[in-house]
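Have a look at the structure below before the remarks.
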Amino acid sequence: MPSASAAPGAPMRTARMTWRQAIDRRAERHGLGARPAGAAPADAVAAMCGAHAQIQSAGEVSVALRLDGATRQDVRTALLTEHTLVKTYGPRGTVHLLPARDLPMWTGALSALPAGSGNGGGPRAYLTEEQTEQVLEAVADALADAELTTDELTEAIVERTGPWAGDPVMEAFQGAWPRWRAATHLAAYRGVLCFGAPRGRKVTHTSPGRLLPGFRPLPAEQALTRLLTGYLRAYGPATPQSFARWLAAPVTWASGLFERNAGAVQPVDVEGTTAWVAAGDTAAAEAPARGLRLLPYFDAYGVGGHPRERIFPGRASERALARGQAGNYPLLLIDGTVAGVWHQRLSGRRVRIAVEPLEPLPAARLADLDEQVERLGAILGARPELTIGPIPVGPHA
């Protein structure tokens, strides 16, 4: 791990910061402060270092709420028409929206993670190394000029490799998946697979190179350095442990990456804890994080927010986390920290929004809440109805 007092070649004076200042910085960087995260959906996604999109509607809200006047349709247009966003597998092997301009970095970095990182053990439980490479070659060939449903892609892979690739051996939600799907995350990390436009209710896959002419993953070490410094700009001050958790990678590997990039990162003393920021990035937020926000399921600010006890203080750690995991509840955020949960039910042109604050909200906060509910309705294109009180809905699986 890098020294807490020096960078290669010269002594470095350790900057100091309070946790309150760290939270103010993060909220501002994520576009949750006084100003938006940019002018376009790709700017907002870059600012939070990727937007979780396992739940597509939640991902759209997550991006739109960080931009002035944006709606979920603006996010869809960026993804499906402009191709300034790409939907693919990102940190922890989960579905993310990523800026198209940064996809060379993401694929170069994620493909360099240690085997088994981010995707529950990788393909080794179902595929030999030789079979894995055959599947990846088949995926690249099948998707180079096509947009295929999962079933169509399965047929194309089996045709190119053999019937073994289609063996239904992977336990799934309803039955079993074919063997080749154990390499799905790795195919995305290698840059030969991403999501295409939905075909009705069916998911499709295509090649990033088909959407982004000239696309090519960056070399591994260059990509990892860019990912590390990008993460620290969004979530710093942070530790190798929190970076490892964000990627679902080994802590020893993350610590080694910090060491190899000692010139690109800088230690900061945060109330006695040594954490890191990108080198030279020690400026305070332009203004303290003030105000109220409604963050959807798996919003990046909560999922990537560490230490948990600072972002989820007091009762929030019990109410808004699921066995220590963030993202399973939509979050009521006040001044950059979690202060409750909420839930929505969309029905036609109406959305019912229930909010459960952990403490009674004073009049000024209630006014902020009304404004946020109206904003959420505008993002969804629905008329909002607000109720305040206990929410019986459990965490999202």
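The values are calculated or read from the model by the stated rules, or taken from the named source; none is laboratory data. For clarity, every value in this text was computed on a predicted model and none was experimentally measured. No Cβ is skipped: glycine too gets one built from the backbone with ideal geometry, and neighbour counts run over all protein chains shown.
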Check your understanding: Which residues, counting only those in the stretch 169-184, are of a type outside the set (A, V, I, L, M, F, W, C) and at pLDDT below 95?
Key -> GLU171, GLN174, GLY175
Check your understanding: Residue check: is ARG349 closer than 20 Å to GLY59 by Cα and surrounded by fewer than 21 Cβ atoms within 10 Å (Cβ to Cβ)?
Key -> yes
Practice item. Give the stretch 72-97 a look and list any residue that's farther than 23 Å from ARG181 by Cβ and small (Gly, Ala, Ser), or say none. Key: ALA78
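Residue-wise test of (1) within 17 Å of the chain's Cα centre (by Cα); (2) modelled with pLDDT under 95.
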position: ASP43; (1), (2): yes, no
position: VAL63; (1), (2): yes, no
position: LEU80; (1), (2): no, no
position: GLY90; (1), (2): yes, no
position: GLY121; (1), (2): no, yes
Practice item. Considering each of GLY302, GLY272 in turn, give the residue that is free of Cβ contacts under 8 Å to residues at least 60 places away in the same chain, of a type outside the set (A, V, I, L, M) and over 27 Å from LEU358 (Cα atoms). Key: GLY272
Revision key, fill the gap. Of the residues in the stretch 209-254, those that are without any contact (Cβ under 8 Å) to a residue 12 or more places away in the chain and at positive phi come to GLY214
Check your understanding: So which residues in the stretch 72-130 are farther than 13 Å from LEU212 by Cβ and of a type in the set (S, T, N, Q), if there are any at all?
Key -> GLN73, THR77, THR81, THR94, SER111, SER117, ASN119, THR128
Exercise for review: Among the numbered conditions (1) of a type in the set (Phe, Trp, Tyr); (2) over 25 Å from THR84 (Cβ atoms); (3) at pLDDT 95 or above, tell me where PHE215 comes up short.
Suggested key: (2)
Exercise for review: Starting from residues that are outside any loop (DSSP other than H, G, I, E, B) and modelled with pLDDT under 95, keep the ones in the stretch 2-30 and report whichever is nearest to the chain's Cα centre (by Cα).
Suggested key: ALA15
Check your understanding: polar (S, T, N, Q) and under 19 Å from the mean Cα position of the chain (by Cα), is that true of GLN241?
Key -> yes
Study note, to complete from the structure: Within the stretch 362-377, residues of a type in the set (A, V, I, L, M) and crowded, with 17+ Cβ neighbours inside 10 Å come out as LEU369, VAL373, LEU376
Check your understanding: Looking at ALA146, is it at pLDDT 95 or above, under 20 Å from GLY209 (Cβ atoms) and in a helix (DSSP H, G or I)?
Key -> no
Check your understanding: Name the pairs whose Cβ atoms lie under 9 Å apart, with the first residue in the stretch 63-80 and without any contact (Cβ under 8 Å) to a residue 40 or more places away in the chain and within 17 Å of LEU98 (Cβ to Cβ), the second of a type in the set (Phe, Trp, Tyr) and crowded, with 16+ Cβ neighbours inside 10 Å, and 6 or more positions between them or separate chains?
Key -> LEU79/PHE195
Revision key, fill the gap. Residue count, the stretch 152-176, condition more than 27 Å from the chain's Cα centre (by Cα) and either part of a helix (DSSP H, G or I) or on the phi > 0 side of the Ramachandran plot (or both), comes to 15
Exercise for review: Tell me which residues, restricted to the stretch 302-316, are surrounded by fewer than 19 Cβ atoms within 10 Å (Cβ to Cβ) and under 16 Å from LEU32 (Cβ atoms).
Suggested key: ARG310
